[in-house]
Amino acid sequence: MKKLINIVIILVIIWLIGFGIYKLFIDGEKLNSFFDREITLNIWDQVNVSDAVTVKLISIKDERCLESDCLREGQFTAKFLVFNSKKITYIELGELDPQRITIDKISLEFKIELIDVSDDGKSATIKVNEG
C-alpha cells in the first residue's frame, strides 16, 4: 500500500511539472514581430521579435487606485518571461516605468516598454527595442 501511495505522489509531481512546462513554453498563441513595433499580447501569448528574443506575457495585475482618497495614481503591472536561445529572464513592467534588461552574458540589451493594458486587464501592448 505504501508503494502505491509513493507511485501516485510521484506521478502527480511529474504531471504538475509537465503542466507547468506546457503553460510556460507551449500554451498560447505564437506571434512574430520586429523591433520597434507595437504588438498586443493576451495572457499566455508569446511573440518572437526578429528571431532574437521571445517575450511571453504571464499575467497582468491591477494595482490602480480606484478609491477617491488615494495618494498615488497606480498602474497595471504585467509579468513577462523573456528568453532567447541562451538565457531566460522574468520581469515585471508597469505602465509608468519601461525597463532595460540584459538577458545573456554577451550583454545583448533589449528595452521592453509596456505601452498599454486593456481596461479589463486581459491583454497588453508592448514594444521591444534593441539596446
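The values are calculated or read from the model by the stated rules, or taken from the named source; none is laboratory data. This structure is a prediction, so every number in the text was calculated from the model and none was measured. Quick reminder, even Gly has a Cβ in these numbers, built from the backbone with ideal geometry, and neighbours come from all protein chains shown. These accessible areas exclude ligands, DNA and RNA; they are computed on the full protein's heavy atoms, side chains included. Shrake-Rupley method; radii C 1.70, N 1.55, O 1.52, S 1.80 Å.
The figures follow:
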{"quantity": "Within region 48-65, tally of residues that are open to solvent by 30 Å² or more (accessible area, probe 1.4 Å) and more than 10 Å from the chain's Cα centre (by Cα)", "calculated": "9"}
{"quantity": "Top-ranked residue in region 76-94 [being of a type in the set (S, T, N, Q) and in a loop (DSSP other than H, G, I, E, B); ranked as nearest to Gly121 (Cα to Cα)]", "calculated": "Asn84"}
{"quantity": "Count - residues of region 16-41 that are out of contact with any Leu (no Cβ under 6 Å at 6 or more places or on another chain), within 24 Å of Glu109 (Cα to Cα) and modelled with pLDDT of 85 or more", "calculated": "11"}
{"quantity": "Qualifying residue in region 85-95 (condition: more than 17 Å from Asn129 (Cα to Cα), modelled with pLDDT under 80 and polar (S, T, N, Q))", "calculated": "yes"}
